[in-house]
Amino acid sequence: MSRSLRCFPSVLLVLVLAGCAGVKVTAVSNNDYLAQRRGDVLTTGNLSASAVAALQVVGSDEKRCLADLPACREALDSTTGLRDEQRLSTLAELWLKEAQDGGKVMAAEARTDAYLESARYAYAYLFLTTRTPSQLALEDRQTQVRDYYNFSVHAGARRGLRSLPWTATITRGHSG
């Protein structure tokens, strides 16, 4: 057996081990992991990676979209380049972002409407797309959109009820 053939396994072993030496493992806190994995308008205040990817399909990015939300939503709503699930979940997230950011600049009714639009698109994603909720159950995006729905319905209902005249007497502690 030639000397080069005898050295081949040793050289191969050195190359493989050198490749392994390049891998670095670091600990990640639970909060950082969740922010990276599930970061969205509810957890970080920024759009999720899924929403950003959907925006790229329609030729936009987060900054441009947030600068003109109505035009961005229209582009998403009319595109054929996205699956219904991508389109609906991104629209739910954008409406929620508008409702959350509009506290000081939006009229109360418009903000309530934005929460309800978020709930509407989230509901459509969860129950009206081709895949059933059980088929979506293990996906992170389904969890995010379910949270958008729950948060938006709660916020929209709370804001809507506050505007009713009879709620003023209840909140002051009067029963009649």
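The values are calculated or read from the model by the stated rules, or taken from the named source; none is laboratory data. Predicted, not measured: the structure shown is a model, and the values here were computed from it. Glycine also receives a Cβ, built like all others from the backbone with ideal geometry; neighbour counts cover every protein chain displayed.
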Residue hits (the stretch 51-102; surrounded by fewer than 23 Cβ atoms within 10 Å (Cβ to Cβ) and either β-branched (Val, Ile, Thr) or in contact with a Pro (Cβ under 6 Å, 6 or more places away or on another chain) (or both)) are VAL52, VAL57, VAL58, THR79, THR80
In the stretch 97-115, which residues are touching a residue at least 40 places away in the same chain (Cβ under 8 Å) and under 15 Å from ASP68 (Cα atoms)?
LYS97, ALA99
Pairs, first closer than 13 Å to LYS97 by Cβ in the stretch 50-63, second crowded, with 16+ Cβ neighbours inside 10 Å and among the small types (Gly, Ala, Ser), C-beta under 8 Å, six or more apart:
ALA51/SER89; GLU62/ALA51
The one condition LEU47 fails out of (1) modelled with pLDDT of 70 or more; (2) hydrophobic (A, V, I, L, M, F, W, C); (3) assigned to a helix (DSSP H, G or I) is (3)
Candidate set: the stretch 113-161, residues that are touching a Lys or Arg at 6+ places or on another chain (Cβ under 7 Å) and modelled with pLDDT under 90; chosen: the one nearest to LEU88 (Cα to Cα)
ASP140
Only residues that are surrounded by 12 or more Cβ atoms within 10 Å (Cβ to Cβ) and either farther than 18 Å from PRO70 by Cα or out of contact with any Gly (no Cβ under 8 Å at 6 or more places or on another chain) (or both): list them for the stretch 119-132, please.
ARG120, TYR121, ALA122, TYR123, ALA124, TYR125, LEU126, THR129, ARG131
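Is one or more of the residues making up the stretch 100-120 over 30 Å from ARG162 (Cβ atoms), out of contact with any helix residue (DSSP H, G or I) (no Cβ under 7 Å at 6 or more places or on another chain) and hydrophobic (A, V, I, L, M, F, W, C)? Outline the logic, then answer.
Narrowing the stretch 100-120 to residues over 30 Å from ARG162 (Cβ atoms): none.
No, because not a single residue in the stretch 100-120 is over 30 Å from ARG162 (Cβ atoms), out of contact with any helix residue (DSSP H, G or I) (no Cβ under 7 Å at 6 or more places or on another chain) and hydrophobic (A, V, I, L, M, F, W, C).
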Going through THR112, THR90, THR129 one at a time, which residue ends up being within 12 Å of the chain's Cα centre (by Cα) and among the polar types (S, T, N, Q)?
THR90
Take the conditions within 18 Å of ASN46 (Cα to Cα) and of a type in the set (Lys, Arg) and apply them to ARG64. Does it pass?
yes
